[in-house]
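What follows is calculated from the coordinates using simple rules that are stated; it is not laboratory data. Keep in mind it's a predicted model, so treat the numbers as computed, not measured. Cβ atoms come from the backbone with ideal geometry, glycine included; neighbour counts cover every protein chain shown.
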Amino acid sequence: MNTQTAALIDGVLLLFVLVPITAADIREQRVPDRWVVVGFLLILSRRLLLPSGIGGITASCPGALFSAPRGMWWLIHAVVGLLFILAVRFVSKGKIGIGDAKLSALIAFSLGIPGWILALLLASLAAIVFAAVRIARGVMSREDRIPFAPFLGAGAAAGLAAGVLWDAGVLWERVGHAIA
């Protein structure tokens, strides 16, 4: 199995668990641990049973930017995703949940650091716009909490789509050559 196919399978498995996670966070404002654990187990099982077979951290082609991480790097990516959101939680005095930190770790574990950064950036921008519009309309105040998992899930889906397009050469053709 090539690296791009492996990364795509990991992304689809991630999307599979993002649906119930998003629904639970919207309904209960909490990220269920059981679905995060299921996500880790599904992706880890795929990686152990169907390894991608390419050496190094990722493949060495332009599309490898979003390819699945290999070996111990999986764990490092997950720890980075977890610690970053925990740091944001500390700085914001608890305005982001620990469930969001665990979900961030799952996304980093699945998509790798580049895909996680894109997912986090898109999620943050979407959440800011969503909250600003609701505050401007008087529907919520600045102190109100919003579920962040749906935004992380949408960001992860967009990151996965960008990775697929990048691996297919579509984004490289459009964006890569424009900045080169």
Next item on the list: Jot down the radius of gyration and Dmax of the stretch 66-144, Cα atoms only, both in angstrom.
Entry: 14.5, 49
Check: What is the spin-label model distance, in nm, from Arg30 to Glu143 if the labels are put 7 Å beyond Cα along the C-beta direction?
Finding: 2.3
Notebook entry, point to check: When the Karplus curve 6.51 cos²θ - 1.76 cosθ + 1.60 is applied with θ = phi - 60°, which whole-Hz ³J(HN,Hα) does each residue of the stretch 82-94 get, with x for Gly and Pro?
Noted result: 5, 5, 4, 5, 5, 5, 4, 4, 5, 5, 8, 6, x
Checklist line | Residues Arg142, Arg47 arranged by fewest to most Cβ contacts within 10 Å | finding: Arg142, Arg47
Check: For the residue pair Leu48 and Val129, what label-to-label distance in nm results when each label sits 7 Å from Cα along the Cα-to-beta-carbon direction?
Finding: 4.1
